[in-house]
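Participant: The following block contains the structure, expressed as structure tokens.
The values are calculated or read from the model by the stated rules, or taken from the named source; none is laboratory data. Just so it is clear, the model here is predicted, and its values are computed rather than measured. Note that each Cβ is placed from the backbone with ideal geometry, even for glycine, and that neighbours are counted across all protein chains shown. Protein only, heavy atoms only, side chains kept; ligands, DNA and RNA dropped before computing areas. Shrake-Rupley method; radii C 1.70, N 1.55, O 1.52, S 1.80 Å.
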Amino acid sequence: MRNALWLAVGLLCVFAWRSEAQPVPLTITCSDSSGRPVPPVQVMNGTIAKATTDHDGRRVIEYDPRRIDGISSQQQLFTYAHECGHHALGHDFRQPFNISQEQDADCSGVRSLINRYGFTDYSIGILEATMRGLTSAYARHLPWRPRTYNLEDCLPSVISAREAARRSAETSADDCGVHNDGENAILSQNRDRRGIEGAYSVGNRCAREVNCTFTVEVGTLPDAAADVGSWRGFRAQKTIAEQHRLGPMAAKAEFRFYATVDAIPADESVDFRVLTSCR
């Protein structure tokens, strides 16, 4: 039994060693914007990979299969994935690619490395650093002109955070403050019914901090209007202004106050509402 256990452990170790030893491929499966396969074509010109067309006008990727000292296999694979991105995005080869197209192809390549080969945010960060560190002697093997690499901006986690920030920026500060007068509560009331302790709850739905002024209007409301949930006929008698700073995505917090009214007309009751203004 013990020998069988050690044999199983040994087989697992051999399998793990072989998995770690698997070489990084030079090419990936590639398709154009119409879903047609883009075949690889071997050349011996020293360029790692280049998206182009053959004599019949069909999209291909020329690549040099030789390993290059000073350029890692991950960099070579990324270059091929980048060139595949030009095909997948339908870029026109009759004119040089602009910076925006190169960045789009970078992101297409990064997505391929993540989805097909399990690259992580960390490994993409390392890849970006090594691409930025290539000297001119090594950069001549690349199919594009020297430029700045921004691979981390292609990461899904970074894109999601950026989109959330954009949506938050498009939301006005006033829309960030979350308050519902239906949640207001009168916690206690004096014997003469003119003084109340009230509570209201506010939160922040945005991913940025906001400073809000909450104007509490205390007055009387006809009982008939209160029964149907309407503020028709509400008469404010006292106003209380409170300042509150709400952190990003803050859950609702309760704030309390005490106020009195001068008089309560017949068939009316003390009530309050809250007006919100944020910046």
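Participant: Using the basic label-point model (7 angstrom from Cα toward the beta carbon), what is the Ser123 to Ser269 distance in nanometres?
Facilitator: Output for this residue pair reads 6.5 nm.
Participant: What full-extension length gain, to one decimal in nm, is calculated for Ala165 and Leu89 as 0.36 nm per residue of separation minus the Cα-Cα distance?
Facilitator: Working: separation 76, 0.36 × 76 = 27.36 nm, distance 2.66 nm.
Result for the pair: 24.7 nm of gain on full extension.
Participant: Say each of Glu209 and Ala253 gets a label point 7 Å from the Cα, pointing the same way as Cα to Cβ; how far apart are those two points in nm?
Facilitator: 1.1
Participant: On to the next question. Roughly what percent of Cα-Cα pairs across the range 118-260 reach past 18 Å?
Facilitator: Values: 7254 of 10153 pairs.
Tail fraction, whole percent: 71.
Participant: Ordering Trp231, Trp144 by accessible area with a probe of 1.4 Å, largest first, what comes out? Walk me through the numbers on the way to the answer.
Facilitator: Values: Trp231 80, Trp144 20 Å².
Solvent-accessible surface, decreasing: Trp231, Trp144.
Participant: Who wins for biggest fluctuation among Cys154, Cys212, Cys107 in a Gaussian network model of the chain, springs between alpha carbons below 10 Å?
Facilitator: Judging by the Gaussian network model, the answer is Cys212.
Participant: Can you give me the span-like helices of the chain, meaning DSSP H runs with 18 Å or more of Cα extent along the axis and Kyte-Doolittle mean at or above -0.5? All intermediate terms of the calculation are to be shown ahead of the outcome.
Facilitator: Working: long enough: 2-21 (28 Å, 0.85); 73-88 (22 Å, -0.88); 99-117 (26 Å, -0.67); 156-170 (21 Å, -0.57).
Within the chain the helices that satisfy the rule are 2-21.
Participant: Around Ser188, under 12 Å between beta carbons, what's the net of Lys plus Arg minus Asp minus Glu among the other residues? List each step's numbers first, then the result.
Facilitator: Numbers: positive: Arg191, Arg193, Arg256; negative: Glu197.
After counting each charged neighbour, the total is +2.
Participant: Moving on. On a 1.4 Å probe surface of the protein chains, which of Arg167, Arg59 comes out largest in accessible area, and what is the full order?
Facilitator: Working: Arg167 125, Arg59 65 Å².
If we order Arg167, Arg59 from most to least accessible, we get Arg167, Arg59.
Participant: Another question, then. Would you mind giving the average projected area, over all directions, of the Cα convex hull of the chain in nm² with one decimal? Present the calculation step by step, with values, prior to reporting the outcome.
Facilitator: Numbers: hull surface 114.7 nm².
Its average projected convex-hull area is 28.7 nm².
Participant: Something else now. Going by average Cβ density within 10 Å per residue, which order do the peptides 70-76, 98-104, 187-193 take, highest to lowest? Can you show the working numbers first?
Facilitator: On the way: 70-76: 16.7, 98-104: 14.3, 187-193: 10.0.
Going from most to least packed, we get 70-76, 98-104, 187-193.
Participant: Residues with beta-carbon under 13 Å from that of Asp262, excluding Asp262: net charge, scoring Lys, Arg +1 and Asp, Glu -1?
Facilitator: Numbers: positive: Arg193, Arg194, Arg235, Lys238; negative: Asp192, Glu268.
With Lys, Arg at +1 and Asp, Glu at -1, the neighbours total +2.
Participant: Which Cα, out of Phe119, Ala88, Gln75, lies furthest along the positive dipole direction of the chain (beta carbon charges, K/R +1, D/E -1)?
Facilitator: Gln75
Participant: If I compute solvent accessible area with a 1.4 Å probe over the protein chains, what percent of it on the range 199-279 is carbon and sulfur?
Facilitator: Details: 2110 of 4380 Å².
C and S atoms contribute 48 percent here.
Participant: Using a Gaussian network model on the chain with a 10 Å cutoff between Cα atoms, which of Ile61, Ile28, Ile264 fluctuates the most?
Facilitator: Largest GNM mean-square fluctuation: Ile264.
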